[in-house]
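Report on the following structure.
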Amino acid sequence: MILGVNVDHIATLRQARRAFEPDPVMAATLAVLGGADGITVHLREDRRHIQDRDLRLLREVVPMELNLEMAATEEMIETAIQIRPDLVTIVPEKREELTTEGGLDLHGPGNKFRDAVQRLMKEGIPVSFFIGSSIVDVDVSKEIGAAMVEVHTGHYANSRGEEQREELKKVMASIERARLNGLYANAGHGLTYYNIMPVASIEGLRGLYIGHSIISRAVLVGMERAVREMKERLD
Ligand code: PXP
């Protein structure tokens, strides 16, 4: 099971002062030492946390999967082609949101996504779609040409009791559907040390992408230890 650690929040702290520290590149190195299988960053259009410089340096220092989350815009496609991450995850992006709020809307005009997938795949960069927990969205992702999906677990994370159990079933069904469609399936968003187990136990899951919870613990106990403790839960 791949653990991709999202280091955006290290950059958020740095940008709060427009300073040089803490550096997400250093954080990524420590995450790797702690057992991360990959590093994820979201290069946002407004550059509110990760900067272009971070992405360039991360490409040099991350020895395993560098996953670039991005909107399917011309600027981002060109950046990805230049930097050559190991994986691009296409996410919806709204300026006013605190974090990525939902999966992609694949039911509008799909050409934007199709074009992005084709151009990135032509360059040898696999593309994952960040989608809601819906088997229809898995099918549409396959049809558009994504190699992978990442199923949004935010609703699972934020609900309780019966509602949470129902949402977990939907996440499981989406992952199973991806597997049947020949797509790799990941999951992420809102996952913590406390709610990870049921998701991590889903059969056929390729990887989990986690940011906020690991960085929150890292602030108190250090990056390596925070990653190691999450990795131990997954193993
Ligand atoms: N996966 C995707 C596609 C995301 O956009 C994010 C948030 O940046 C995450 C995973 C990680 O979410 P969290 O910070 O809640 O762990």
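Given a Förster radius of 25 Å and the C-beta distance between Asp105 and Val221 as r, what FRET efficiency does 1/(1 + (r/R0)^6) yield to the nearest 0.05?
After rounding, the FRET efficiency stands at 0.05.
Report the calculated FRET efficiency for Arg160 and Lys122 (r = Cβ-Cβ distance, R0 = 45 Å), to the nearest 0.05.
Computed FRET efficiency for Arg160 and Lys122: 0.50.
With unit charges on the beta carbon (Lys/Arg positive, Asp/Glu negative), name the residue among Ile135, Val32, Leu87 whose Cα is farthest towards the positive pole of the charge dipole of the chain.
Val32
Taking only Cα atoms and a 10 Å spring cutoff, compute GNM fluctuations for the chain and point out the largest among Ser174, Ser159, Ser216.
Ser159
For a 26 Å ceiling on Cα separation, which of these pairs sit above it: Lys94/Lys169; Lys112/Lys142; Lys122/Lys142; Lys142/Lys231?
Listed pairs above 26 Å: Lys94/Lys169; Lys142/Lys231.
Take every DSSP beta bridge with both residues inside the range 134-235 and express the antiparallel ones as a percent of the total, to the nearest 5.
Roughly 0 percent of the DSSP beta bridges within the range 134-235 come out antiparallel.
Please work out the FRET efficiency for the pair Glu78 and Asp23, using the Cβ-Cβ distance as r and a Förster radius of 41 Å; give the result to the nearest 0.05.
Working from the Cβ atoms, E equals 0.95.
So what is the relative contact order for the range 63-161, in percent, with contacts set as C-alpha pairs under 8 Å and at least six apart?
26
Which percent, nearest 5, of DSSP beta bridges in the chain are antiparallel?
Taking every DSSP beta bridge within the chain, about 0 percent pair in antiparallel fashion.
Stretched out fully, how many nm does the piece from Arg59 to Met1 gain, at 0.36 nm a residue minus the Cα gap?
That pair, Arg59 and Met1, stretches by 18.7 nm at full extension.
Carbon and sulfur atoms: what percent of the 1.4 Å accessible area of the chain do they account for?
About 53 percent, which is the carbon plus sulfur part of the accessible surface.
Distance in nm between label sites at Leu13 and Tyr193, each 7 Å beyond Cα in the beta-carbon direction?
The two pseudo-label positions are separated by 1.6 nm.
In whole Hz and in residue order, list the ³J(HN,Hα) couplings for the range 123-128 that follow from phi through the Karplus curve 6.51 cos²θ - 1.76 cosθ + 1.60, θ = phi - 60°; x for Gly and Pro.
Result, ordered by residue: 8, x, 9, x, 10, 10 Hz.
What whole-number value in Å² describes the accessible area per residue of the range 1-112 for a 1.4 Å probe?
Accessible area per residue, the range 1-112: 48 Å².
Can you tell me which of Asp139, Asp115, Asp46 moves the most in a GNM of the chain? Springs connect C-alpha atoms under 10 Å apart.
Comparing Asp139, Asp115, Asp46 in a Gaussian network model of the chain, the most mobile one is Asp46.
Quick one: Kirkwood hydrodynamic radius for the chain, alpha-carbon pairs, angstrom, one decimal?
With all distinct Cα pairs of the chain included, I get 17.7 Å.
What residue among Gly204, Gly103, Gly38 shows peak mean-square fluctuation when the chain is described by a Gaussian network model with Cα springs under 10 Å?
Gly204
How high is the relative contact order of the chain, given as a whole-number percent (alpha carbon pairs under 8 Å, six or more residues apart)?
So the answer I get is 20 percent.
Using just the helices of the chain, give the 222 nm mean residue ellipticity in deg cm²/dmol: DSSP H runs with n ≥ 4 each add -39,500 (n - 2.57), and the total is spread over all residues, rounded to 500.
Helices in the chain give a 222 nm mean residue ellipticity of -14500 deg cm²/dmol.
Could you go through the range 23-32 in sequence order and give the Karplus-derived ³J(HN,Hα) for each residue, using 6.51 cos²θ - 1.76 cosθ + 1.60 with θ = phi - 60°, rounded to whole Hz, and x for Gly and Pro?
9, x, 6, 4, 4, 5, 4, 5, 4, 5
Give, rounded to the nearest 20 debye, the magnitude of the charge dipole that the range 1-98 has about its Cα centre when Lys and Arg contribute +1 at Cβ and Asp and Glu contribute -1 at Cβ.
Computed about the Cα centre, the dipole is about 320 debye.
The values are calculated or read from the model by the stated rules, or taken from the named source; none is laboratory data. In this text the structure is predicted, and so the values were computed from the model without any measurement. Because the Cβ atoms are built from the backbone with ideal geometry, glycine has one as well, and the counts that use them run over all protein chains shown. For the accessible areas, the whole protein counts, side chains as well, though only heavy atoms, and no ligand, DNA or RNA atoms are used. Shrake-Rupley method; radii C 1.70, N 1.55, O 1.52, S 1.80 Å.
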